[in-house]
1. Any idea what % of Cα-Cα pairs in segment 253-359 are farther than 24 Å?
2. Plugging the Kirkwood radius over Cα pairs into Stokes-Einstein for segment 1-88, at a temperature of 37 °C and a viscosity of 0.692 mPa s, what D comes out in µm²/s?
3. With θ taken as phi - 60° and the coefficients 6.51, -1.76 and 1.60, list the Karplus ³J(HN,Hα) couplings across segment 204-211 in order, rounded to whole Hz; mark glycine and proline as x.
4. Of all the stretches in the chain, which is the longest one without any exposed loop site, taking GluC sites (Glu not before Pro) in a DSSP loop (any state but H, G, I, E, B) with at most 14 other Cβ atoms within 10 Å?
5. Once amide H atoms are placed 1.01 Å from N in the peptide plane, what residues at a sequence separation of 5 or more from ALA355, or on another chain, have their amide H within under 5 Å of its amide H?
6. Just add up the charged neighbours of GLN306: K/R +1, D/E -1, any other residue whose Cβ is under 13 Å from the Cβ of GLN306.
7. So, with +1 on the Cβ of K and R and -1 on the Cβ of D and E, and no other charges, what is the size of the charge dipole of the chain about its Cα centre, to the nearest 20 debye?
8. So, with +1 on the Cβ of K and R and -1 on the Cβ of D and E, and no other charges, what is the size of the charge dipole of segment 260-451 about its Cα centre, to the nearest 20 debye?
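Just so it is clear, none of the values below were taken in a lab; they were calculated from the coordinates. None of these values were measured; they are calculated from a predicted model. Please note: Cβ atoms are built from the backbone with ideal geometry, for glycine as well, and neighbour counts cover all protein chains shown.
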Amino acid sequence: MQAETAPTSQMFVAGGWVDSHSGRSYPVFNPATGKVFAHVPKGDADDVRAAVDAAKGAFENPAWRSMDPSKRGRLLFKVSQALRDRLADFAKLETLNNGKPLGQAKGDMAMAARHFEYFAGLADKIQGSTIPVPGNRLDYTLKEPLGVTAHVVPWNYPLVMAARSMAPALAAGNTVVAKPASFTPLTLLKFAELCKEAGLPDGVVNVVTGGGEEVGGELARHPDVELVALTGSVETGVKMMEAASHNLSRVILELGGKNPHIVFGDADLEKAAAAVLNGIFTNAGQMCWAGSRLLVDEAVKEAVLQRLVDGANGMKLGDGLRPDSAMGPLVAESHRKRVAGYVEVGTGEGATVAAGGSAPTDGELGSGYFYRPTILDGVTQDMRVAREEIFGPVLTVTTFRGDDDAVAKANDSEYGLWAGVWTRDLRRAHSVAGRLESGIVTVNEEPITFPQTPFGGFKNSGNSSEQGMEAVLAYVRTKNVSVNLD
């Protein structure tokens, strides 16, 4: 694997590149080739303490704490523009590290920049209010930043998920310590340097690399961390809440999903099938809001399934840097084994493989972490593949009869992040959307979101909404001031 030739990165703390106190590092792989192409420091508790100290010092420094909010907004806008200027470079690095097709990576980088643009505009609009009270008094509220915020970032969207939580935190005047996923740390490290180049004071943005418990757990337990934002699994989210509870720190969780596409018999089947394919096979299905469950009216099931099978079988796998690659590899060999294991479980429970169901072994694909786009037909609600998050390119197909059956099956899940409704009947669309236990519902569209729209789930999919104006309010505290004017 020629690991000895791979370059070694450093962590970004207090405005500069630093080595880990431990002196240890770990390899980062290109999932398309299975080869090591970088090493990063394996951080520990000492590195976390150093980063939090740097962030706390920056928060208390008047250069940031007393900065005019409009100037803070202009700095965040400069960050967004700098990322757009280097979008191609960041996208290529994201593809090399994560494996997704380059076109998808470019879209991610543009979305990350858009998050900073949006929250840059909100920086000077975070305001309190006056409150009528008895007597000759003036009563008002102030919205103040929390202090140091920690951001634990997933590997499926390494930079855009970081930007989604960091941008509102910075817009509100907080400082940041971010921990990228062990598999995919490289774009966030480069982004921290870009933030410094754009003019953010030293210590405002810090990045510590390393394992989940050694770095993420330490951040959650640190007494000077006022908020932890995590995108990850339910198991990890529970651990983070437990760790942060000792300091009564706030926790923002965006967790898993088992998301249904509900296709009614009157839907535009061509559009629905195309959207279902994109909704499950984009980023190789490694998305918390992937449309991994197809609930389809039994009257049109065969017509929809045929379109899906044809689309899945015609999808070209390949290195994400190749322009004709429709789907890249999974992020790691261990994850590919997990996905393959679920397919075995599904067939063992009685599901039928209608497309895919295996990993390619020939040629260049054989050396990477690829898995074919897979469709499991004949799935029932009691099967594990219908209930557990696979987080890969695996679509399950289940039929329903009537609106009530569709809604009941859609809601029969521990998750509630996203749901899609496909129908030409506007009355049905609104009725079903209102009955679904999901934080996000789209009608006649695949999973989609924007910086200005709330993103968050119900049940085990999370405890809050990110994005939109509501997101900023999670990163401030409210102070009431009452002035006796007599």
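1. Percent of Cα pairs beyond 24 Å in segment 253-359: 26.
2. So the translational diffusion coefficient is about 207 µm²/s.
3. Result, rounded to whole Hz: 6, 10, 10, 10, 10, 9, x, x.
4. Working: sites that count: GLU298, GLU414, GLU445.
Here the longest run is 1-297.
5. Residues meeting the criterion, in which the H sits 1.01 Å from N, are ILE375.
6. -2
7. 780 debye
8. Working: 18 positive and 27 negative charges, 43 e Å.
Dipole of segment 260-451, to the nearest 20 debye: 200 debye.
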